[in-house]
């Protein structure tokens, strides 16, 4: 989960919470199995080959990449995140895998032209403001080969204030019900104050605007959604 490097305080917050971050991830994402599982099923269905070149944007502790490598063990994955502390956790999680790491701001990094078969991201892009999101989507489209796939497992905005209130109430009830401590909930809410979430509809429209031939929301449960775009 990456914060853009232009916000130094938020990078520090994620760095502070890096150790043990994954220990509470399942509790803080009540639909964890379906959320990540839907993204992985979609990648399986896409079938980009035994050794796809994969870019993980805002890779954080490497959780999404680690799950991907259980499905596609030959994938060649490059993880990018603004937090060195998060990437240190990823190095431990992914030790033994042929992966590479880059400590860079996703809003400023260069992804190359037609370099990747698959671009993935989880709970990261919603930290950017809207113009930066659109710019990032444009870079992602350019970086993918023809036939490539972009999968974004994301936290999204409700379409109305009433929906947003419902998302928050249900999320709090579910995470407390799963046993997450009030201390961890407070830390999560502190991180969430830096969120700049956008609705599913707006994001799919922006992806189409930059040239993706097909877009879809393949999973959504309250504030958690998996968005996909095919080049």
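Summary table below
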read-out: Neighbour-count order for 105, 41, 81, 165, fewest beta carbons within 10 angstrom listed first; value: 165, 41, 105, 81
read-out: Answer label, with Cα extents along the principal axes in Å calculated from the coordinates and candidates (1) 96, 43, 30; (2) 45, 42, 38; (3) 45, 39, 33; value: (3)
read-out: 64, 34, 111, 150 arranged by Cβ crowding within 10 Å, fewest neighbours leading; value: 34, 111, 150, 64
read-out: Relative contact order %, segment 8-230, counting alpha carbon pairs below 8 Å whose residues are six or more apart; value: 23 percent
read-out: Within a Gaussian network of the chain (alpha carbon springs, distance under 10 Å), most fluctuating of 140, 125, 29; value: 29
read-out: Fluctuation leader among 192, 106, 86 - the chain, Gaussian network, Cα springs under 10 angstrom; value: 192
read-out: Label-point gap, in nm, between residue 50 and residue 26 - each point 7 angstrom along Cα→Cβ; value: 3.2 nm
read-out: Between segment 49-125 and segment 147-167, the alpha-carbon center distance in angstrom; value: 22 Å
read-out: Choice from 168, 53, 191 showing the highest fluctuation, given a GNM over the chain with Cα pairs closer than 10 Å; value: 168
read-out: Antiparallel DSSP beta bridges within segment 8-230, as percent of all bridges there, nearest 5; value: 40 percent
read-out: Shape category assigned to segment 95-226 from the gyration tensor of Cα positions, a/c cut at 1.5; value: prolate
read-out: At R0 = 30 Å, FRET efficiency that the Cβ-Cβ distance of residue 100 and residue 208 yields, to 0.05; value: 0.45
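Values in this text are rule-based calculations from the coordinates and carry no lab data. Since the model is a prediction, treat every value here as computed from it, not as a measurement. Neighbour counts are summed over all protein chains in view; Cβ atoms, including those assigned to glycine, are modelled from backbone coordinates with ideal geometry.
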